[in-house]
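Colleague: Please read through the structure below; I'll follow up with questions.
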Amino acid sequence: MPTILKDRTDEIERLAVRYPSRRSIMLPVLWMVQQQEGWISQQAMAEVADVVGTTVAEVYEVVSFYTMFQQRPVGRHHIALCDTLACAICGAMEVAEYLKTKHGIEKKKVTPDGRFSLEFVECIGACSIAPAMLVGETLHGNLTPDGIDAILAQCP
Amino acid sequence: MTTATAQWERVLLPNIEQDQTEWLDAYVAGGGYEMARKALGMAPADIIGVVKDSGLRGRGGAGFPTGMKWGFLPQGLFPRYLAVNADESEPGTCKDRPLMEQRPHSLIEGVICSCLAIEAQQAFIYIRGEYYKAARVMQQAVEEAYAKGFLGKNIFGQQGKNVDLVVHRGAGAYICGEETALLTSLEGYRGYPKLKPPFPAVSGLYGKPTIINNVETIVDVPHILRRGADWFKSWTHERTTGMRLYSVSGHVKKPGVYELPPTVTLKDLIYDICGGIRNDHELKFVIPGGSSVPWLKPHQIDIPMSHEGVAAAGSMLGSSAVMVMDHTVCPVWAVANLSHFYHHESCGQCTPCREGSAWMHKILRRIEQGGGRMEDLDTLRDIAGEGKPGSGMISGKSICALGDAAAWPVGSALGQFHDEFVEHIEKGCCPYKNKRYWMAGGRFVNETFEKMPVL
Ligand SMILES: Cc1cc2nc3c(=O)[nH]c(=O)nc-3n(C[C@H](O)[C@H](O)[C@H](O)COP(=O)(O)O)c2cc1C
Ligand code: FES
């Protein structure tokens, strides 16, 4: 019996008719899970396998390939800081240092209050407003110490 | 008149500074969707003809002539699909994001015109996962267009003309920008590229003929239909036509996305349009076409930003993403950073790319951190080659071009900055002391950073 996806059946079926093959709903359904739960658990993968009509192994294969799918819980506000060249030469490493020393937010860790987690990611297509990071679903560019304080202050 | 004061009419992103979404009513009020209606009255071959005449070449990186690509579709084989490549993940490239966030309907109109041209009834826009806003905006715009009858069955009330459009999100994999990987990802699998041939135009999505084009390429189509092929060709350098979007990042005073003709020189782009190097530092090197292309030194930048102009200087126009590095940037560190990107993004299917990218990254990191050996340079040279197609152990020997993209910057950095590699090895450390601090340009200077360690 699905528990995680139990209220999403109609939505999933509306999605499925839009693609020539049911398998194509794999990524959209995984996104649905992640947006609802924050991450994708083994239980969720089993449910996705049922919905898509494939095996858990195949779902895991997909989840583990795409870096944005989280396989363990993240903070309420997950920060994805770009450390690729354009950002790196405009201060991404300083941003990382600032997040750590001023706000106690460290790479690959969830803060003890569960509020933030941080991950370094590759280019997020914001190179002309480097250094840039995503906080949850929102992109922030031209980061400065004051700017970072203000952005984080808005995250409950 | 200097380049900066010259005025070109911007058609792709006329109000980029305002950063607002133009929704359906505003788009229609400005003449939007007229070309979709016009295309409905044209024969598919005529639309393809105009696109061919315009000389439009793909904006995604390879610069392949769009009309010619459309012409490769096998006769009489249906259904056909259109997949719009909005994966935009080549470091440095950030032009498709404003296009989708600000002018979603210009992309939808482009999709309609292109679908009519290639006789496809179903299109997909594959948007990289990190572009939450672009995906939200596109989804909402698609719903607006469906509600008006511009998408769906019998579009604009024309019997039998159907165009369905699905916005599909990726989930963080650079490789899904490669056209065959994009299709496998869209089918619901790991984004693994496939060997070509067969080309997607013959056997693509779900094994059916499929055309894949970059967002900007598709957006160009209605503009060409509106104003004609000759208008598009009024900006031409050799075989590169039309205005295009240049993404400029790094150490210039005014980084941004600029709509310019291919005749603009790299020098004017940097010193005139982008205001020169920040803090009036010296220019160290430029990456002219996204992170995978060979680097150019300051004496090489007086070139037109066309495919031919950049190729003549020994590099590639690629996705026309210009990254500018000033003298605070250590080239060995920079190429180590890029090699990390390719190592991380290699899909792992084929050995030359998977192992080669990891190997190069390990060696480069070792040299940068001061543990390099002279033999490392020979090893690197063997793996990466000369920064040219086909040379070295990876380029031309992998399933897709990610292998080439990983090798070219390394080969090119070795050629352009050989002495600095040697210096790292001889000194046993990176000579750029406190580079993290200097590169950030004072943005983060406060007590916390006064005693910043060397990275
Ligand atoms: C590793 C790799 C990544 C690519 N990433 C992108 C991308 O993010 N966006 C894009 O439009 N094209 C990308 N391309 C190019 C596509 O394979 C394809 O050539 C392009 O989408 C075709 O569209 P166009 O002819 O309109 O340029 C990539 C190619 C490779 C080899
Ligand atoms: S390099 Fe950071 S967004 Fe592109």
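The values are calculated or read from the model by the stated rules, or taken from the named source; none is laboratory data. Just so you know, these numbers come straight off a predicted model, no measurement behind them. We place every Cβ from the backbone using ideal geometry, glycine too, and count neighbours over all the protein chains shown. All accessible areas refer to the heavy atoms of the entire protein, side chains included, with ligands and DNA or RNA removed. Shrake-Rupley method; radii C 1.70, N 1.55, O 1.52, S 1.80 Å.
Colleague: Given the criterion open to solvent by 20 Å² or more (accessible area, probe 1.4 Å) and under 20 Å from B:Glu88 (Cα atoms), identify the matching residue among B:His281, B:His299, B:His307. Steps first, answer last, please.
Modeller: On the way: B:His281 fails: under 20 Å from B:Glu88 (Cα atoms); B:His299 fails: under 20 Å from B:Glu88 (Cα atoms).
Exactly one residue qualifies, and that residue is B:His307.
Colleague: Now for a separate question. Do you know which of the residues in the range B:43-67 that are within 23 Å of the chain's Cα centre (by Cα) and open to solvent by 70 Å² or more (accessible area, probe 1.4 Å) is modelled with the lowest pLDDT? First the steps, then the outcome.
Modeller: In the first step, residues of the range B:43-67 are kept if they are within 23 Å of the chain's Cα centre (by Cα); the result is B:51-52, B:54-67.
This time we only want the ones that are open to solvent by 70 Å² or more (accessible area, probe 1.4 Å), so: B:52, B:62, B:64.
Numbers: B:Lys52: 98, B:Ala62: 93, B:Phe64: 97.
Within the range B:43-67, the match that is modelled with the lowest pLDDT is B:Ala62.
Colleague: Looking at (1) under 30 Å from B:Tyr246 (Cα atoms); (2) within 16 Å of ligand 2 (Cβ to nearest atom), which is the one condition that is false for A:Leu99?
Modeller: For A:Leu99, the exception is condition (1).
Colleague: So, in the range B:123-149, how many residues would count as being of a type outside the set (Ser, Thr, Tyr), more than 9 Å from every other protein chain (Cβ to nearest Cβ) and open to solvent by 20 Å² or more (accessible area, probe 1.4 Å)?
Modeller: Final tally of qualifying residues: 7.
Colleague: May I pose another question? Starting from residues that are more than 9 Å from every other protein chain (Cβ to nearest Cβ) and in contact with a Leu (Cβ under 7 Å, 6 or more places away or on another chain), keep the ones in the range B:176-204 and report whichever is surrounded by the most Cβ atoms within 10 Å (Cβ to Cβ).
Modeller: Selected residue: B:Glu178.
Conditions (1) away from ligand 1 (no atom under 11 Å from the Cβ); (2) open to solvent by less than 10 Å² (accessible area, probe 1.4 Å), marked per residue:
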residue: B:Tyr81; (1), (2): yes, no
residue: B:Glu88; (1), (2): no, no
residue: B:Met100; (1), (2): yes, yes
residue: B:Ser106; (1), (2): yes, yes
residue: B:Cys113; (1), (2): yes, yes
residue: B:Gln121; (1), (2): yes, no
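Colleague: Right, another one. Going through B:Gly228, B:Gly256, B:Gly242 one at a time, which residue ends up being at pLDDT 95 or above and within 14 Å of chain A (Cβ to nearest Cβ)?
Modeller: After ruling out the rest, the residue left standing is B:Gly256.
Colleague: Please go through the range B:289-323 and give me each residue that is away from chain A (no Cβ under 14 Å), under 16 Å from the mean Cα position of the chain (by Cα) and not aliphatic (A, V, I, L, M), ordered by number.
Modeller: In the first step, residues of the range B:289-323 are kept if they are away from chain A (no Cβ under 14 Å); the result is B:294, B:296-317.
In the following step, the residues that additionally are under 16 Å from the mean Cα position of the chain (by Cα) were identified as B:294, B:305-307, B:310, B:315-317.
B:Pro294, B:Ser306, B:His307, B:Ser315 - these are the residues of the range B:289-323 that are away from chain A (no Cβ under 14 Å), under 16 Å from the mean Cα position of the chain (by Cα) and not aliphatic (A, V, I, L, M).
Colleague: Scan the range A:114-131 and report the pairs whose first residue is more than 7 Å from every other protein chain (Cβ to nearest Cβ) and whose second residue is surrounded by 24 or more Cβ atoms within 10 Å (Cβ to Cβ) and in a helix (DSSP H, G or I), with Cβ atoms within less than 7 Å and a gap of 6+ or a chain change.
Modeller: Going by the 7 Å Cβ cut-off, the qualifying pairs are A:Pro131/A:Cys87; A:Pro131/A:Ala92; A:Pro131/A:Val95.
Okay, residues lined up against (1) free of Cβ contacts under 8 Å to residues at least 40 places away in the same chain; (2) within 30 Å of B:Thr180 (Cβ to Cβ):
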site: B:Gln300; (1), (2): yes, no
site: B:Met305; (1), (2): no, yes
site: B:Ser315; (1), (2): no, yes
site: B:Ser320; (1), (2): no, yes
site: B:Val332; (1), (2): no, no
site: B:Gln349; (1), (2): no, yes
site: B:Cys353; (1), (2): no, yes
site: B:Glu368; (1), (2): no, no
site: B:Ile383; (1), (2): yes, yes
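Colleague: Check whether at least one residue in the range B:63-84 is assigned by TED's automatic domain parsing to the domain that holds B:Val163 and closer than 30 Å to A:Ala88 by Cα, and report yes or no. Please lay out each step first, then the result.
Modeller: Of the range B:63-84, the ones assigned by TED's automatic domain parsing to the domain that holds B:Val163 are B:63-84.
Now restrict to residues that are closer than 30 Å to A:Ala88 by Cα: B:63, B:84.
There is at least one residue in the range B:63-84 that is assigned by TED's automatic domain parsing to the domain that holds B:Val163 and closer than 30 Å to A:Ala88 by Cα.
Colleague: Could I ask something else about it? Exactly one condition in (1) more than 27 Å from B:Trp70 (Cβ to Cβ); (2) within 14 Å of chain A (Cβ to nearest Cβ); (3) out of contact with any helix residue (DSSP H, G or I) (no Cβ under 6 Å at 6 or more places or on another chain) is false for B:Asp272; which is it?
Modeller: That leaves (2) as the condition not met.
Colleague: Within the range B:32-42, can one find any residue that is within 14 Å of chain A (Cβ to nearest Cβ), away from ligand 1 (no atom under 16 Å from the Cβ), open to solvent by 20 Å² or more (accessible area, probe 1.4 Å) and part of a loop (DSSP other than H, G, I, E, B)?
Modeller: Within the range B:32-42, none of the residues are within 14 Å of chain A (Cβ to nearest Cβ), away from ligand 1 (no atom under 16 Å from the Cβ), open to solvent by 20 Å² or more (accessible area, probe 1.4 Å) and part of a loop (DSSP other than H, G, I, E, B).
Colleague: How many residues does the range B:315-325 hold that are assigned to a loop (DSSP other than H, G, I, E, B) and either modelled with pLDDT under 95 or within 13 Å of ligand 2 (Cβ to nearest atom) (or both)?
Modeller: Result for the range B:315-325: 1.
Colleague: Is at least one residue of the range B:158-167 open to solvent by less than 30 Å² (accessible area, probe 1.4 Å) and either under 19 Å from the mean Cα position of the chain (by Cα) or within 17 Å of A:Leu30 (Cβ to Cβ) (or both)?
Modeller: Yes, the conditions are met somewhere in the range B:158-167.
Colleague: Based on this model, can you work out whether B:Ser106 counts as more than 13 Å from chain A (Cβ to nearest Cβ) and in contact with a His (Cβ under 9 Å, 6 or more places away or on another chain)? Before you say what the answer is, go through the steps one by one.
Modeller: Working: more than 13 Å from chain A (Cβ to nearest Cβ): yes; in contact with a His (Cβ under 9 Å, 6 or more places away or on another chain): yes.
Here the answer is yes, as B:Ser106 does meet what is asked.
Colleague: Mind listing just one residue for me: the one in the range A:66-77 that is open to solvent by less than 30 Å² (accessible area, probe 1.4 Å) and within 9 Å of chain B (Cβ to nearest Cβ) and, of those, nearest to B:Pro193 (Cα to Cα)?
Modeller: The selected residue is A:Tyr66.
Colleague: Scan the range B:186-212 for residues that are within 11 Å of B:Tyr126 (Cβ to Cβ) and within 12 Å of ligand 1 (Cβ to nearest atom) and jot them down.
Modeller: B:Gly191, B:Ile212
Colleague: Quick one: is A:Ile89 more than 16 Å from the chain's Cα centre (by Cα) and in the same structural domain as A:Gly141 (by TED's automatic domain parsing)? Working first, answer last.
Modeller: Values: more than 16 Å from the chain's Cα centre (by Cα): yes; in the same structural domain as A:Gly141 (by TED's automatic domain parsing): yes.
It is true that A:Ile89 is more than 16 Å from the chain's Cα centre (by Cα) and in the same structural domain as A:Gly141 (by TED's automatic domain parsing).
Colleague: Sort out which residues of the range B:244-301 are of a type in the set (Asp, Glu) and at negative phi, and write them in order of number.
Modeller: Residues of the range B:244-301 of a type in the set (Asp, Glu): B:259, B:268, B:272, B:280, B:282.
Within the range B:244-301, B:Glu259, B:Asp268, B:Asp272, B:Glu282 meet the criteria.
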